[in-house]
Amino acid sequence: MNSGRCAACKHLRRRCLSDCIFSPYFPPNNPRRFAYVHKIYGASNVGKILKDLPVSRRAEAADSLYYEAYCRIKDPVYGCVGLITILHQQIYNAQWQLDRIQAEIAALSTTTDHRSQSEVQQVENVGSSFLPDQNGVHDSNSFYDISNWFD
Amino acid sequence: MVGNSPCASCKLLRRRCAKDCVFAPYFPSDDPHKFAIVHKVFGASNVSKMLQELPVQQRADAVSSLVYEANARARDPVYGCVGAISYLQNQVSQLQMQLAVAQAEILCIQMQQEQQAALAAATAPSLVQLQLEPDDDGDEKSYFLQPHQLLNFTSNNSNANVIYDSFKKESHLYGHDMVS
């Protein structure tokens, strides 16, 4: 029958049976989907791959087969492996940049810590002049006690 | 056919290996698994068509990528190579996020340093000036730093800007879109 055939059976010019392995995943409104898959893998191989899988996984498998076939048609030499290579390179570059920035952060943080410590030391050196001597007495000719400035 | 021995493809297909066999240069007889996996996933006929449509100098790379895809499909019959692509894209996204966070962090640190440098320049000399003398009647008093004393101190931020400018020059290297 001509009406209601899936894209696979239309392409293969055969009857589309009720238990056709392709029909759930290759609807007639998208003939290119099966054409690509058929060109790269062949109908027989695709049928075998789908039949070896549980029904619940077949839709995802059909999608991935279509994606890989599409990549192979667009790039007959490398297919989707070309994309994997590009992604590996992107990861390498991003990791290198991240390592570089993190090293800069570490260096800047060290500079900030040293500067903070030296500023704290400077304040302590000057501030110690305001402290009373061991007998709790301030020298009237020396620095004034600032501790009550913040009362 | 290399020498007299048939290539791996012709051995598996049980046919005579011709001199101009399209498979022979890429499927030597000492590695039968290589052709077996490609044949299982793609089929010998499809592989032959694909190789014949390519210039000779590109066929070796094509065979390598077909073997890679076939092995990936054998390991993961549902997703094949697409599983690896999805995983790698996820890694790229994560690294992009980490890069953005690190860039924000470095910016914060540089701003902090600028503020500290400005603060240090504005306040450090004033600490030295706190050796104050009592007023004329001899009473000991606590004196706050007077406004006219503050006006004498100018901050020097020229060094703080150097780091920020060099970061701005480099920032264009980090800002491009990573994912195609």
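Brief remarks follow.
- Shielding score for A:62-69, defined as the mean number of other chain Cβ atoms within 10 Å: 5
- Spatial separation of Cα centroids for the range A:67-113 and the range B:2-73, in angstrom: 32
- Cross-linked pairs A:K39/B:K40; B:K19/B:K49; A:K51/B:K11; A:K74/B:K11; A:K39/B:K34: Cα-Cα separations exceed 24 Å for A:K51/B:K11; A:K74/B:K11.
- Förster radius 30 Å - calculated FRET efficiency between B:R15 and B:Y87 (Cβ-Cβ, nearest 0.05): 0.15
Throughout, read-outs are computed from the coordinates displayed, never taken from laboratory work. Just so you know, these numbers come straight off a predicted model, no measurement behind them. Every residue, glycine as well, gets a Cβ built from its backbone with ideal geometry; the counts of neighbours run over all protein chains shown.
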